[in-house]
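Here the structure is laid out as structure tokens; the discussion comes afterwards.
The values are calculated or read from the model by the stated rules, or taken from the named source; none is laboratory data. Not measured: the values here are computed from a predicted model. Here the Cβ is made from the backbone with ideal geometry for all residues, glycine too, and neighbour counts use every protein chain on show.
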Amino acid sequence: MIVYRAGWVLPVDRPPLRDACVAADDGRVAWVGPAAEAPAGEARDLGPGVLMPGLVNAHCHLELSHLAGRLAAAAGFVDWVERLVTTRGEDPMDTVRARTAAAIEELERTGTVAVGDVSNALAHLDLLEDSSLRARVFFELIGWDPAVADRVLDAAHARLGSLNLPDTITVALAAHAPHSVSPALLTALEFVHRLGLLHSGLLAAHGVQVDEADCALLAARGATVVLCPRSNRALDVGLAPVPELRAAGVRLAIGTDSLASVPSLDLWEDVLALHRAFPSLEPEWLVRTATRGGAEALGFPGLGQIAAGAEAAFAFTEGPPSLSDPLAFLLSGEARLRGVRE
Ligand SMILES: [Zn+2]
């Protein structure tokens, strides 16, 4: 048994604990509580700072990592998409893989323990398998021409059936955004509902163009909207109406989107972006959405909290010994989260 000790522990499902320990055994949390009452075990004193559940990045495109910095001069969303389409095939496969591997390392290094990854090629599943991450990979189907839809689906199912994956990785079929069907439908989330796609397994990434009726529909269907504030800003598509989505009871999670639109895959940077855009969002809510919110959205019940039975997959930031408000420190811009795994 490993016993981690930290200046603060944020369990997420209960208030922060000062000078606390988390005991982990065989990859699972066995105990969490005050350091003075901790069970015996192999001590790992992390020092002053904050230990919290590992972050869950609910929307990313790891296979686009080789495009980092390449589309930065794009003038708006449509121009960005056009550049993406013309540029993504330019690099040799070994470059694409090397950049994808570096992106996975960046996720691990910055405290992320699970990722919702959108892929067209499924060419990097072995890299995910070799990592410490849990992944739910959305095998994205584009080209929903009704005439070929059956063939596309059959081929996709055959591909999925041929995969031999560990239980840390699951792959699901996903439809691309409504805008790949017709530009006129870009703002019409209603359209997705009419296709019968809106259900609790749906992750609506970005969720920028939603009105009150859309919010109510998303909530009723139990769909999750993944907030990607830095990407939205970079592509100049506006900001998701977080208070309205919340008020309507829509499930929310946070994602970075890809390195084709953001400068890093550090999910905490998106939390800080939300904090700056909506200062009234409670710090507890932001922490929960970046951890448990993503875990629920991706179907990882063992992640997103520090409690007995949860997975021992944490994030830790060092902090000053005098730290008295761990949540304020996390949102100060000085916190640097890194992954801690047994
Ligand atoms: Zn995306």
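Checking the conditions here, which among 51, 64, 71 is surrounded by 16 or more Cβ atoms within 10 Å (Cβ to Cβ), at pLDDT 95 or above and hydrophobic (A, V, I, L, M, F, W, C)?
Of the residues listed, the single one that is surrounded by 16 or more Cβ atoms within 10 Å (Cβ to Cβ), at pLDDT 95 or above and hydrophobic (A, V, I, L, M, F, W, C) is 51.
Looking at 265, 227, 331, 239 in this structure, which one is within 16 Å of the ligand (Cβ to nearest atom), of a type outside the set (Gly, Ala, Ser), at pLDDT 95 or above and within 29 Å of residue 68 (Cα to Cα)?
That would be 265, the only listed residue that is within 16 Å of the ligand (Cβ to nearest atom), of a type outside the set (Gly, Ala, Ser), at pLDDT 95 or above and within 29 Å of residue 68 (Cα to Cα).
Give region 242-262 a look and list any residue that's within 13 Å of the ligand (Cβ to nearest atom) and charged (D, E, K, R), or say none.
257
Before we move on, is residue 323 under 30 Å from residue 211 (Cα atoms) and surrounded by 16 or more Cβ atoms within 10 Å (Cβ to Cβ)?
Judged against the criteria, residue 323 is not a match.
Given the criterion outside the structural domain of residue 12 (by TED's automatic domain parsing) and either farther than 28 Å from residue 291 by Cα or more than 16 Å from the ligand (Cβ to nearest atom) (or both), identify the matching residue among 88, 136.
Just one listed residue meets the conditions, 88.
Name the residues in region 262-312 that are over 15 Å from the mean Cα position of the chain (by Cα), under 20 Å from residue 238 (Cα atoms) and outside any helix (DSSP H, G or I), would you?
263, 278, 279, 280, 281
Which residues, taken from region 221-269, are under 21 Å from residue 113 (Cβ atoms) and of a type in the set (A, V, I, L, M, F, W, C)?
226, 227, 228, 252, 253, 254, 259, 262, 265, 267, 268
Hey, could you check region 232-283 for residues that are crowded, with 23+ Cβ neighbours inside 10 Å and polar (S, T, N, Q) and say which is farthest from residue 100 (Cα to Cα)?
Out of the qualifying residues, it is 232.
What's the total number of residues in region 16-32 that are surrounded by fewer than 16 Cβ atoms within 10 Å (Cβ to Cβ) and small (Gly, Ala, Ser)?
1
How about region 98-211: which strands (runs of 3 or more DSSP E) wholly inside it have at least 3 residues that are at pLDDT 90 or above and at negative phi?
112-119, 134-141, 169-175
Just for region 91-119: of the residues that are surrounded by 14 or more Cβ atoms within 10 Å (Cβ to Cβ) and over 27 Å from residue 271 (Cα atoms), which one is nearest to the ligand (Cβ to nearest atom)?
The extreme case among them is 96.
Check region 317-339 and report whether any residue there is under 21 Å from residue 169 (Cα atoms) and among the aliphatic types (A, V, I, L, M).
No, every residue in region 317-339 fails to be under 21 Å from residue 169 (Cα atoms) and among the aliphatic types (A, V, I, L, M).
Only one residue in 309, 299, 304, 293 is touching a Lys or Arg at 6+ places or on another chain (Cβ under 8 Å), in contact (Cβ under 8 Å) with a residue 40 or more places away in the chain and over 29 Å from residue 63 (Cβ atoms). Which one?
Matching residue, one of 309, 299, 304, 293: 309.
So which residues in region 27-58 are free of Cβ contacts under 8 Å to residues at least 24 places away in the same chain and within 28 Å of the chain's Cα centre (by Cα)?
Result: 33, single match.
Looking at region 232-239, is at least one residue touching a Gly at 6+ places or on another chain (Cβ under 9 Å), of a type in the set (S, T, N, Q) and not in a strand (DSSP E or B)?
Yes; the residues of region 232-239 include at least one that is touching a Gly at 6+ places or on another chain (Cβ under 9 Å), of a type in the set (S, T, N, Q) and not in a strand (DSSP E or B).
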